[in-house]
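One structure is given below, encoded as structure tokens.
The values are calculated or read from the model by the stated rules, or taken from the named source; none is laboratory data. Just so we're clear, the structure is a prediction, and the values are computed from it rather than from any experiment. Ideal geometry is used to build each Cβ from the backbone, glycine not excepted, and the neighbour counts take in all protein chains shown. Please note that ligands, DNA and RNA were not included when accessible areas were found on the heavy atoms of the full protein model with its side chains. Shrake-Rupley method; radii C 1.70, N 1.55, O 1.52, S 1.80 Å.
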Amino acid sequence: VMATEHGSDEGEAREIRIAREVEAPCALVWKALTDPRHLANWWGPSGFRTETHAYELRPGGSWRLTMHGPDGRAYANHAVFDEVEPPHRLVLHYVDEAGVEPALHTTTVTLTELGPRRTRVAFCLRFPTAEGRKLAADVYGAVEGGKQTLARLVEVLDALQGVPAGVEPFVIRRVL
């Protein structure tokens, strides 16, 4: 898992980038990314459970969800889809209806097919300010949380492909 914590220009200073290559076809990763039944099992850091209340996968559509933390707290979220380009790109921004969230951001998820059963999953969280990004990284633990989220995605993808839990796949790659 790769994460970029600091950028060299003002735009990069407002971003958190996290990426991981997964052993799954791009279409299956898209399904896990866009089906609320699967999102419930991996969206969020370790110990979190995601409950979807409304989900309209289309530009302008809403995703209303509650993330239940391991501490018992419930974190209500509302996101709006800006771009939906199956099976490669999803862009959504978070809405602060209560007016209390200082680290709102736009999340861009890009899926790049690397082979028939290999996909690069890249998350870019872009904040309006470098201060918002710093808050998300330093206080909310967004970098580590993103890494945990992608690890949980791998578990869901493995289960969808019939790979037993805890078993590392044996992979041989040949580069020509």
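Brief remarks follow.
- Residue check for GLY69: surrounded by fewer than 13 Cβ atoms within 10 Å (Cβ to Cβ) and either modelled with pLDDT of 95 or more or in contact with a strand residue (DSSP E or B) (Cβ under 9 Å, 6 or more places away or on another chain) (or both): no
- Test: residue in the range 103-117 that is of a type in the set (Lys, Arg) and within 23 Å of VAL143 (Cα to Cα): no
- Tally of residues being open to solvent by 70 Å² or more (accessible area, probe 1.4 Å), at pLDDT below 95 and outside any strand (DSSP E or B) across the range 74-100: 3
- Residues in the range 5-58 that are outside any strand (DSSP E or B), farther than 22 Å from GLN148 by Cα, open to solvent by 80 Å² or more (accessible area, probe 1.4 Å) and modelled with pLDDT of 95 or more: ARG58 alone.
- Taking every residue in the range 108-119 that is touching a residue at least 60 places away in the same chain (Cβ under 8 Å) and pairing it with any residue that is open to solvent by 60 Å² or more (accessible area, probe 1.4 Å) and acidic (Asp, Glu), at least 6 positions away or on another chain, the pairs with Cβ-Cβ distances below 7 Å are LEU114/GLU21; ARG118/GLU21; THR119/GLU113.
- Residues of the range 117-161 that turn out to be assigned to a strand (DSSP E or B) and open to solvent by 60 Å² or more (accessible area, probe 1.4 Å), as a count: 2
- For the range 101-116, residues that are modelled with pLDDT under 95 and open to solvent by 50 Å² or more (accessible area, probe 1.4 Å) total 4.
- A single member of LEU92, LEU114 is of a type outside the set (Lys, Arg) and closer than 22 Å to GLY60 by Cβ, and it is LEU92.
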